[in-house]
Amino acid sequence: MNKAIVVGWLLLIFTSAALTSAVAIVIGQAIDGFVLGDQSAALASATLVLVFGISAPAFGLSGNLLREKLAQRVEWETRAEFFTSLLGKDQSFHDRQRTGDVMARATEDVRLLNFMVSPALSLIVEAAINTALPIVLTLLNYPAQLAAVPVAFSILFVVAIRKYIRDLTPPTQQNRIEFGLMDATLNEGLEGIDVIKAMAREDEARKKFLLHASLYRDAARKEGFIQARYVPLLLVALATTAGLVHALVLHAFQGFQVGQVIAYTALLLNLRFPTFISIWAFAIVREAVSGAERLLEVMNGRTAIDQNVAGRAQRIEGRVVFDRVTFSYPGSTKPVLRDVSFEVEPGETVAIVGTTGSGKTTLTKLLSRLYDVTTGRVLVDGVPIQEYSLEALRSQIAFIEQDIFLFSTSIAENISFGRTGTRDDIIAAAKDAQAHEFIMALPRQYDTLLGQDGVQLSGGERQRVAIARAFLSDPRILVLDDATSAIDSATEERIQRAMNGIKAGRTTFLITHRLSQIRWADVVLVLKRGQVVAKGTHDELLRTSEEYRRIFVKRFDLTVDQLLKGGVG
């Protein structure tokens, strides 16, 4: 489809340029006919000027329509391919990216590809045609020696353009890099605006942003200086003057007609168009190429985890095995988990406890292959998780984390994200999550649009929406990472009753220090510096694990006997 558009566009703009250049010759013929008294020839030529004058813009307009269609198609396809590429990258890849820089690539750099096609490349093609036509038409209609000037200009023009592009490359590349950094700084400043204000760091944030803005400005200045020294603008003036003098010499000594002198000079004046537009058309192309390189840098970035589309897609029962798992984050040699082994039967609830940094959250992320293990194996239903289709695996695992992310859509769409469900199903899930009451108090209830990350909701309300999302997804494996940390005790108790229902028949991992939840777990894993140092029931570990006792005795300032009696909720 795009090839057909390109061919049609090239034919139309060539026809338009050829007719425009032919007008100069026909005008010359009309003048000569008038001077020589051949009125019929003059009239015929004048008629052709009218026909060509109307036809050339018509073909040009049609070509511009195809050009714009091609440009919009290129931008849309590139944007879609870039976002699809981002979705296919593993979590470690995204951990290395700055959100603002990726946004700059996805918006500004992609937009430059549109500008490259329309108008930059289009004008460059038209410029090439308009540079070649004076030579061709001169050879076809006038003494061959007159082609010397446009030929010499074309050679010098190409040499000057090559140097121009070479000089433009460094500042345009720096321009795109600094724009991305400036955008990343702006994004970080806006995302952390509450921290900046709370710590009175507005001046430092402003200086950091202005530094990148200044570097971006300096790169743009360098581009401007190079454009200001654009040599072809001088060359076209010299070529037109030299051509006119040459034509006048032929008129004086070889009978070259006045109309031919005028027509030839008009052909040379057509060289002004390619010269004038090339000063910024090539700059746009050079920036677009730099932008495309930045896009390809991300798109071609290696991802350690593939989608495995042809992998297993069966329903998961929920038997989980960690077999001597060791894991280090990409780019780090320090293990976060070391030689972790345990088994969980379908439907069991596993509580994971440990001090900060012991690897609790990392362990659960390995379940859905957000990261792949460094050594060892993770098996689900006896099958290494690498053999599952990534979509099939992740669609059957639900995460509810302390740091809740909500999309800037309606509450109903947030609850049903990625799942199909009727409004009744959504409401039922919200009721189980104890979210229905506060949702109904909102102005548009379930159709209330949330701001960025649901900022108008409290922490507890965001957690309840996330819990409702998990309830509706009906997962086979449920991971609760301190999921009720921002919820009061009374609400937590009601949610806990609902969770007891949803956990039935599902394998559940709890990351929590709340004894009200740990007490009822089938098994508790105690992590210390990335290793499982103890496992068993709550009561067993209080009696046998020094690390487990240390965590809770210190946390609640109670004796082991008091903890065994369930004195803390």
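The values are calculated or read from the model by the stated rules, or taken from the named source; none is laboratory data. The shown structure was predicted, so the numbers you read here are calculated from the model rather than taken from an experiment. Using ideal geometry, Cβ is built from the backbone for each residue, glycine included, and neighbour counts are taken over all protein chains shown.
Before moving on, here are some points about what is shown:
- Residue in segment 430-446 that is surrounded by fewer than 19 Cβ atoms within 10 Å (Cβ to Cβ), in contact with a helix residue (DSSP H, G or I) (Cβ under 6 Å, 6 or more places away or on another chain) and in the same structural domain as Ala534 (by TED's automatic domain parsing) present: no
Listed here are the residues, each with its yes/no results for (1) touching a Phe, Trp or Tyr at 6+ places or on another chain (Cβ under 7 Å); (2) assigned to a strand (DSSP E or B).
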| site | (1), (2) |
| --- | --- |
| Thr326 | no, yes |
| Ala351 | no, yes |
| Arg369 | no, no |
| Val373 | yes, no |
| Arg377 | no, yes |
| Ile400 | no, yes |
| Leu406 | no, no |
| Ala429 | yes, no |
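- Tally, over segment 309-357, of residues that are small (Gly, Ala, Ser) and more than 29 Å from Ser473 (Cα to Cα): 4
- Test: Glu68 is among the acidic types (Asp, Glu) and surrounded by 14 or more Cβ atoms within 10 Å (Cβ to Cβ): yes
- Residue-level analysis places Leu140 outside the set of residues that are of a type in the set (A, V, I, L, M, F, W, C) and in contact (Cβ under 8 Å) with a residue 12 or more places away in the chain.
- Contacts under 9 angstrom Cβ, first residue in segment 62-75 being under 13 Å from Leu11 (Cα atoms), partner small (Gly, Ala, Ser) and modelled with pLDDT under 85, 6 or more apart: Gly63/Ser122; Asn64/Ser118; Asn64/Ser122; Arg67/Ser118; Arg67/Ser122
- When Ile31 is tested against (1) within 21 Å of Leu140 (Cα to Cα); (2) surrounded by fewer than 18 Cβ atoms within 10 Å (Cβ to Cβ), just one condition goes unmet, and that condition is (2).
- In the set Arg315, Arg324, only one residue is on the phi > 0 side of the Ramachandran plot and surrounded by fewer than 18 Cβ atoms within 10 Å (Cβ to Cβ); that residue is Arg324.
- Segment 137-193 - residue that is among the β-branched types (Val, Ile, Thr) and in contact with a Phe, Trp or Tyr (Cβ under 8 Å, 6 or more places away or on another chain) and, of those, surrounded by the most Cβ atoms within 10 Å (Cβ to Cβ): Thr138
- Any helices (runs of 4 or more DSSP H) falling wholly within segment 1-107 and containing at least 1 residues that are over 26 Å from Ser122 (Cβ atoms), among the hydroxyl-bearing types (Ser, Thr, Tyr) and at pLDDT below 80: 39-87, 91-95, 99-104
- Sole exception among (1) modelled with pLDDT under 85; (2) of a type in the set (S, T, N, Q); (3) more than 36 Å from the chain's Cα centre (by Cα) for Ser154, by number: (1)
Residues checked against (1) surrounded by fewer than 16 Cβ atoms within 10 Å (Cβ to Cβ); (2) without any contact (Cβ under 8 Å) to a residue 12 or more places away in the chain; (3) among the polar types (S, T, N, Q); (4) within 30 Å of Glu77 (Cβ to Cβ):
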site: Arg294; (1), (2), (3), (4): no, no, no, yes
site: Ser332; (1), (2), (3), (4): yes, yes, yes, no
site: Pro335; (1), (2), (3), (4): no, no, no, no
site: Glu348; (1), (2), (3), (4): no, no, no, no
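- Restricting attention to segment 247-282, the residues being closer than 25 Å to Arg221 by Cα and either in contact with a Lys or Arg (Cβ under 8 Å, 6 or more places away or on another chain) or of a type in the set (Val, Ile, Thr) (or both) number 3.
- Some residue of segment 189-205 being basic (Lys, Arg), closer than 26 Å to Ala288 by Cβ and part of a helix (DSSP H, G or I): no
- In this structure, Ile487 does not qualify as touching a helix residue (DSSP H, G or I) at 6+ places or on another chain (Cβ under 8 Å), under 25 Å from Ile404 (Cα atoms) and modelled with pLDDT of 80 or more.
- Summed over segment 337-346, the residues that are exposed (fewer than 15 other Cβ atoms within 10 Å of the Cβ) and not in a strand (DSSP E or B) give a count of 1.
- The number of residues in segment 239-260 that are free of Cβ contacts under 8 Å to residues at least 60 places away in the same chain and of a type in the set (A, V, I, L, M) comes to 5.
- Test: residue in segment 223-238 that is over 19 Å from Gly28 (Cα atoms), assigned to a helix (DSSP H, G or I) and among the charged types (D, E, K, R): yes
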